[in-house]
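The values are calculated or read from the model by the stated rules, or taken from the named source; none is laboratory data. Since the structure is predicted, the reported quantities are computational estimates derived from the model, not experimental observations. Cβ atoms come from the backbone with ideal geometry, glycine included; neighbour counts cover every protein chain shown.
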Amino acid sequence: MAGEEPTPGGVAKPTLTMLFPTTDFALFFAIVFALHWTLNRYRTVWKWFIIAASYVFYGWWDPGLVWLLVLVSTLAWGAASWIERQPDETRRQRRTLVAVGALLLPLAWFKYYGFFALNVANAFESLGLHPPLPLLRVLLPIGISFYTFMAISYVVDVSRYEVQPSRWLDVSVYLAFFPHLVAGPIVRGDELIPQIRRRRDGGAIDLSRAAFLIFGGLFKKVVVSSYLATQIVDPVFGAPSAHGGLEVLIAIYAYAIVIYADFSAYTDIAIGAALLLGFEFPANFDRPYSAVSIADFWRRWHMTLSRWLRDYLYIPLGGSRHGELRTATNLMLTMILGGLWHGAGWTFLAWGAYNGIALVIGRRRRIRARRMVPAVSGWAVARQRIVTFHLVCLGWVFFRADSMGSAFELLGRLWARGSLEAVTPLMLLAIGGMLFVQNLPNAPALRAQVAFSRFAPVLQGAALALVLFAITTLGPQGVTPFIYFRF
């Protein structure tokens, strides 16, 4: 690929994957499910089978990049063993830094080289100088950010004596396990490796919970996310100048629903598929649009990434232990790096910085509020939720926009006159319905799940068939890749 012009950020987006809502994945999972439970009693054979199946899943996009997953797995396994053999704490920390740096090298090359080289070239050309770095089109492997962060957490946890080093086979299953491989959740070693080592009990599977997660995820992805993305989000963000202020505003609200429905759908299906195989993954979302502050939003949104950033970046930087200025600096660095984790581009950096500023301001407001008697009421909570949702939506504009110029152009159109031709009642119903559900307590959904679990198997099958029929009827033709495949 050398010599080709880079795409924005210096990466090429993936074009072919084994998506969850496809016939390919349904057949793949049916075969894996049958062989998984057949081989369950033979632990070593089972592990090799899961690795092979996961590599097939990953290689469906590009078989030539399976070696990268093998490399990261081997690096993580070797680094953990290397660190564990060092009893001296100072040298142990140095080895940990070297190991983390080695694990970050593939991510730095595939994800950030193009962005860095392009911006260096622009800077040199503005001075009339020849760019020092070649502009290459580097193909971004799907899932590399997720399994790299999992590998880092495993190595760091070993260095902290929180996890014992594992065999190469166990580490490889941990990093390659196909339900979480492409887009999370980010599962830690102490959460998954013990489950890998023990036999699974097929009689203990929570089928009703798995069905709720999988079919609910399919509905959010195929029906809600795809509909809003194609009908309002993509047209408005693609050509802001062609739309008036109200259409732009609805498109911004719609994108907030799209990214939630899309990403939570993937992790719901991943958690449900893992449940069917006898594995428990951590939850990744908890009604994020019911948050009452940006800090609360990040406790509810992509929770496994938020915890990762807290435990492996924010706290090691010093957390909130060294005064307010240092705390603010740590928050800003954490969120900026979290933004860049999502993508190599100025828009992601701006989105991360925006959230960092919001967290710093929110922290200062909370400190001042502790000196006063808080006034807690239903309206106060509702107001906090409304304000937080709009602050989050403002950040999503930069996350979704192709460039900083496009983001500001879109925001500038909020005051423009125009028609509402692109907005339909069904669209408003989809947005409003999702926001309404977000602000409901968890209890009704849990009660519905319990009630479903008490149905006779025939009734359960009929209910699921009806939901599947609704999904295939309401959803558009074809399935677009999940948004987080790019990260």
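Some points to look at:
- Hey, PHE408 of a type in the set (Phe, Trp, Tyr) and over 17 Å from ILE232 (Cβ atoms) or not: yes
- When TRP46 is tested against (1) more than 30 Å from the chain's Cα centre (by Cα); (2) surrounded by 19 or more Cβ atoms within 10 Å (Cβ to Cβ), just one condition goes unmet, and that condition is (1).
- Helices (runs of 4 or more DSSP H) contained entirely in region 376-487, each with at least 2 residues that are loosely packed, with under 13 Cβ neighbours inside 10 Å and either aliphatic (A, V, I, L, M) or in the same structural domain as PRO235 (by TED's automatic domain parsing) (or both): 378-400, 425-438, 443-453, 457-474
- Residue count, region 259-297 (criterion: aromatic (Phe, Trp, Tyr) and surrounded by fewer than 23 Cβ atoms within 10 Å (Cβ to Cβ)): 3
- Picking from residues in region 318-336 that are small (Gly, Ala, Ser) and part of a helix (DSSP H, G or I), the one that is surrounded by the fewest Cβ atoms within 10 Å (Cβ to Cβ) is GLY323.
- Number of residues in region 1-28 that are assigned to a loop (DSSP other than H, G, I, E, B) and at pLDDT below 50 equals 10.
- Of everything in region 166-187 that is in a loop (DSSP other than H, G, I, E, B) and either among the hydrophobic types (A, V, I, L, M, F, W, C) or free of Cβ contacts under 8 Å to residues at least 40 places away in the same chain (or both), the residue that is nearest to HIS342 (Cα to Cα) is ALA183.
- Scanning region 168-190 for residues that are over 18 Å from the mean Cα position of the chain (by Cα) and over 20 Å from ARG95 (Cβ atoms) yields LEU169, ASP170, SER172, VAL173, ASP190.
- Considering region 29-113, the qualifying helices (runs of 4 or more DSSP H), each wholly inside and each with 2 or more residues that are touching a residue at least 24 places away in the same chain (Cβ under 8 Å), farther than 27 Å from VAL156 by Cα and among the hydrophobic types (A, V, I, L, M, F, W, C), run over 43-59.
- Hey, LEU135 farther than 25 Å from VAL66 by Cβ and touching a residue at least 40 places away in the same chain (Cβ under 8 Å) or not: yes
- In region 332-345, the residues that are in contact (Cβ under 8 Å) with a residue 24 or more places away in the chain form Cβ pairs under 9 Å with partners that are aromatic (Phe, Trp, Tyr) and outside any helix (DSSP H, G or I), at six or more places apart or across chains, as follows: TRP341/PHE487; HIS342/PHE487; GLY343/PHE487.
- Only one of ALA407, ALA443, ALA430 that is free of Cβ contacts under 8 Å to residues at least 40 places away in the same chain and either among the aliphatic types (A, V, I, L, M) or touching an Asp or Glu at 6+ places or on another chain (Cβ under 7 Å) (or both): ALA443
- Residue match in region 285-298 (condition: assigned to a helix (DSSP H, G or I) and closer than 17 Å to ASP190 by Cα): no
- Selected residue (only one of LEU207, LEU228, LEU249 is surrounded by fewer than 22 Cβ atoms within 10 Å (Cβ to Cβ), under 30 Å from GLU409 (Cβ atoms) and either without any contact (Cβ under 8 Å) to a residue 12 or more places away in the chain or not aromatic (Phe, Trp, Tyr) (or both)): LEU249
- Residue within region 255-266 that is free of Cβ contacts under 8 Å to residues at least 24 places away in the same chain, aliphatic (A, V, I, L, M) and in a helix (DSSP H, G or I) present: no
- Test for SER241: is it surrounded by 23 or more Cβ atoms within 10 Å (Cβ to Cβ) and of a type in the set (S, T, N, Q): no
- Top-ranked residue in region 188-204 [being assigned to a helix (DSSP H, G or I) and in contact with a helix residue (DSSP H, G or I) (Cβ under 6 Å, 6 or more places away or on another chain); ranked as nearest to TRP308 (Cα to Cα)]: GLY189
- Yes/no for LEU192 being out of contact with any strand residue (DSSP E or B) (no Cβ under 6 Å at 6 or more places or on another chain), outside the structural domain of PHE25 (by TED's automatic domain parsing) and crowded, with 21+ Cβ neighbours inside 10 Å: no
- Candidates ILE214, ILE257, ILE269 - the one that is at pLDDT 95 or above and hydrophobic (A, V, I, L, M, F, W, C): ILE257
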